[in-house]
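Please read the structure below before turning to the comments.
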Amino acid sequence: HTLIGASILKNSYSPMMQLAELIARSHHEWWNGTGYPDRLRGEEIPTCARIVAIVDVYDALTSARSYRPALSTEEATRHLLEEAARGRFAMPHVEAFLDTVAAVAV
């Protein structure tokens, strides 16, 4: 869906749609370079895509699905930290996101 989504959004004159194209294409890239579709790694991954990747996973984990209940904030936090340790996300990005989640929950 990354390439199809980017293809649908490409060639727009709108800066917002150009950003959406970049996010659609790159939000499954992994910090360690094992993601897809372009095997980008580290700083090669657009910042917007790095942020959306973390938010997307957190939302998926904390939302109920037809095949499982929603995970708690604690379980989702643990999962994000584990994924960062595996190289999926940059740990500072995950920590900043979790700080924001904690601040909003107060």
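The values are calculated or read from the model by the stated rules, or taken from the named source; none is laboratory data. Please read these numbers as outputs of a predicted model, since none were measured by experiment. With ideal geometry, Cβ positions are generated from the backbone for all residues, glycine too; neighbour counts draw on all protein chains shown.
General observations
- Top-ranked residue of the stretch 72-106 - restricted to ones that are over 22 Å from GLY35 (Cβ atoms) and without any contact (Cβ under 8 Å) to a residue 12 or more places away in the chain, ranked as farthest from the chain's Cα centre (by Cα): VAL106
- Flag if ARG25 is modelled with pLDDT of 95 or more and either of a type in the set (Gly, Ala, Ser) or out of contact with any helix residue (DSSP H, G or I) (no Cβ under 6 Å at 6 or more places or on another chain) (or both): no
- Of the numbered criteria (1) among the basic types (Lys, Arg); (2) crowded, with 19+ Cβ neighbours inside 10 Å; (3) not in a helix (DSSP H, G or I), the one ARG25 fails is (3).
- When the stretch 57-77 is filtered for residues that are more than 23 Å from GLU29 (Cβ to Cβ) and part of a helix (DSSP H, G or I), the ones remaining, listed by number, are THR73, GLU74, GLU75.
- Filtered residues of the stretch 34-56 (kept if assigned to a helix (DSSP H, G or I) and either crowded, with 16+ Cβ neighbours inside 10 Å or of a type in the set (Lys, Arg) (or both)): ALA49, ARG50, ILE51, VAL52, ALA53, ILE54
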